[in-house]
Amino acid sequence: MTSVDRRTILRTGSAVGAGLAIAPVVGATSASAAPAYIASGRPNLSHGVQSGDATADSAIVWGRADRPGRLIVEYGTRPDLRGAHRVRGPWLTPDGDLTGRVRLRDLPSGKRVHYRVRIEGERGAAGEAVTGSLVTAPSEHSRADVRFLWSGDTVGQGWGSNPDIGGMTIFEQMRRLRPDFFLNSGDTVYSDGPLVAGVPLPDGRIWHNVTTPEKSKVAETLTEYRGQFAYNLLDPNYRAFAAEVAQLNQWDDHEVTNNWYPGEILEDARYTEKRVDVLAARAKQAFREWVPIGDDRMYRKVSYGRHLDVFVLDMRTYKDANDDNRYADPKRGLLGERQRRWLIEGLSQSRATWKVIANDLPLGLVVPDGPAAQEGIGQGDPGAPLGRELEFAQILRTAQRRGVRNIVFLTADVHYTAAHHYDPDRAAFKDFDPFWEFVSGPLNAGGFGPNALDGTFGPKAEFVHAPPRANTSPLEGFQHFGEVEIDGPSGAFTVNLRDGASAVLWSKTLHPVR
């Protein structure tokens with residue numbers, strides 16, 4: 001980034017620092033606080049429904065109650081749910097912030113599954129139902145088309161849900177495309193990005209935010225972390241999108257705090273709790289409560305038919321400290337030894353045409369953490385691999401030697417959209433096959449960029465769409481999401497980089513190497 005970047009703004013609180021919150025919408029003042037038990041009336045869902053981690057025969061369905069009750073899910077392939085299956089889910093309690101989820105099993109592959117969710121009280125009385133739908137993955141041998149979206153960076157730099165423009169409208173644009181699923185590439189919330197009621201814009205207008213108490217300061221308590229996720233679901237566009245599109249979520253830094261790594265002790269004066277490990281444990285609990293994700297580890301592989309395997313990385317839990325990133329120790333890195341072996345073996349054993357690596361930190365972009373430390377993989381040294389580049393050199397080298405073809409990286413994090421082509425002919429490190437990395441975002445956050453490219457793996461920016469200055473508001477455009485269309489018969493992999501109004505800015509079709 002240039003002289004002022006989004007991370008500097010987060011540290012200094014420039015333009016959108018902490019302030020008093022107001023609640024212009026009814027019910028927004030305590031979105032995540034678990035309410036006391038209400039003896040009268042029927043229990044209801046408080047934040048809509050969501051689904052996630054859909055496979056060829058299963059999916060997660062999520063809901064949150066307004067009081068203790070049991071999660072009831074009915075599902076089937078008919079929109080009217082005639083003859084639907086019924087699942088009695090868990091009893092939702094304040095210990096889990098009244099959230100819960102069930103895994104639907106034995107689903108038909110490659111189909112839209114409709115579901116209906118209710119909360120049932122102690123005496124069996126159920127509240128109003130909320131409906132949703134999701135698409136299951138094709139079977140392993142299916143030649144069906146697959147279409148999905150990806151992006152990241154939601155409600156960052158003080159830009160929240162603005163009722164003057166209808167809220168976070170980019171989610172409505174994505175919903176209208178009716179994708180099979182959505183890959184959320186991290187920074188799903190900004191726990192370190194407080195909101196104020198009004199933000200002055202350069203042209204004299206005021207950006208108005210819906211605010212809640214939990215979004216009025218940096219998150220430190222479990223309740224405050226829960227409130228970050230609850231906030232997004234107050235937005236009608238976000239809630240409608242979540243009800244119709246299954247998610248595949250990963251986390252990055254802002255779910256906890258800016259540029260965090262295990263063992264870090266904060267120097268940020270906004271925090272009374274300085275131990276990042278304590279904050280990360282609370283944030284992870286809130287993430288697992290409020291995001292439709294399974295009970296397994298954060299890194300995982302999800303398969304979508306014969307043409308697609310998605311490897312979702314966890315680049316936070318095992319991350320080493322942010323230093324100058326020029327060390328020679330192969331045991332350090334972002335992924336940790338176990339996850340690194342899992343990725344290498346997963347790529348080697350994958351029978352899918354395309355192996356998408358969902359990396360919440362870009363591979364070839366320099367992402368600094370202050371004047372001397374580095375947050376990302378590259379550090380601006382175009383020579384042989386150093387620091388965190390070492391583990392990705394190992395991954396790429398092993399993939400080439402084992403004949404793994406058709407690797408694509410999808411990422412977000414830097415708040416603009418770009419297409420990077422990596423070629424050993426341009427690289428200091430030569431032991432890999434050419435590949436692409438596509439960048440998208442933000443979804444509803446400040447626009448930034450572009451970042452400098454690190455030459456170690458030979459990247460070339462084939463397309464960049466970035467704002468003219470740091471931290472442009474969503475009103476100025478430069479909000480982005482990406483779309484991938486995989487042709488079932490041929491396996492062709494088409495990437496469309498779209499703006500916040502869904503216009504295609506750039507497109508590229510990749511043909512598989514057999």
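The values are calculated or read from the model by the stated rules, or taken from the named source; none is laboratory data. Treat the numbers as computed from the prediction; the structure is a model and nothing was measured. Note: ideal-geometry Cβ built from the backbone for every residue, glycine included; neighbour counts use all protein chains shown. With ligands, DNA and RNA removed, areas are computed over all heavy atoms of the protein, side chains included. Shrake-Rupley method; radii C 1.70, N 1.55, O 1.52, S 1.80 Å.
Scalar couplings 3J(HN,Hα) for segment 261-272, obtained by applying the Karplus form with A = 6.51, B = -1.76, C = 1.60 to θ = phi - 60°, are 8, x, x, 5, 10, 6, 10, 6, 5, 6, 9, 8 Hz; x denotes Gly and Pro.
Report the Stokes-Einstein translational diffusion coefficient (µm² s⁻¹, integer) for segment 403-514, Rh taken as the Kirkwood radius over Cα pairs, at 20 °C with viscosity 1.002 mPa s.
144 µm²/s
Cα convex hull, segment 156-207: 100 Å³ per residue, rounded to a whole number.
Packing, taken as the mean count of other beta carbons within 10 Å per residue, orders the peptides 217-223, 115-121 from highest to lowest as 115-121, 217-223. What is the percent carbon and sulfur in the accessible area of the chain, measuring with a 1.4 Å probe over the protein chains and ignoring ligands? Whole-percent figure for carbon plus sulfur exposure: 49.
Less than 5 angstrom separates the built amide H of Asp323 from those of Gln374, all sequence-distant by 5 or more or on a different chain. With all projection directions averaged, the alpha carbon convex hull of segment 254-354 covers 8.3 nm².
Taking only DSSP H segments of four or more residues, each worth -39500 (n - 2.57), what value at 222 nm results for the chain once the sum is divided by all its residues, to the nearest 500 deg cm²/dmol?
-4500 deg cm²/dmol
Taking one quarter of the surface of the C-alpha convex hull of segment 281-334 gives a mean projected area of 5.9 nm².
Here is the P(r) of the chain: all C-alpha pair distances, binned every 10 Å from 0, give 4, 20, 31, 27, 14, 3, 0, 0 in whole percents. Roughly how far apart, in whole Å, are the Cα centres of segment 338-367 and segment 461-514? When both Cα centres are located, 20 Å separates them.
Accessible surface calculations at 1.4 Å, restricted to protein heavy atoms, place the chain at 36 Å² per residue. Within the assembled protein chains, the solvent-accessible surface assigned to Arg297 is about 100 Å², based on a 1.4 Å probe. Taking all Cα pairs closer than 8 Å and separated by 6 or more residues, the relative contact order of the chain comes to 16 percent. In the context of the full protein assembly, Tyr75 retains an accessible surface of approximately 30 Å², using a probe radius of 1.4 Å and ignoring ligands and nucleic acids. Can you work out the base-10 log of I(q)/I(0) for segment 359-458 at q = 0.11, 0.12, 0.16 1/Å, using the Debye formula on its C-alpha atoms alone? The calculated log intensity ratios at q = 0.11, 0.12, 0.16 Å⁻¹ are -0.32, -0.38, -0.66.
Once you've got the Cα coordinates, tell me which of Lys319/Lys430; Lys111/Lys319; Lys331/Lys355; Lys215/Lys460 are over 32 Å apart.
Check vs 32 Å cut-off fails for Lys111/Lys319; Lys215/Lys460.
Computed with a 1.4 Å probe on the full set of protein chains, the accessible area for Val135 sits at about 20 Å².
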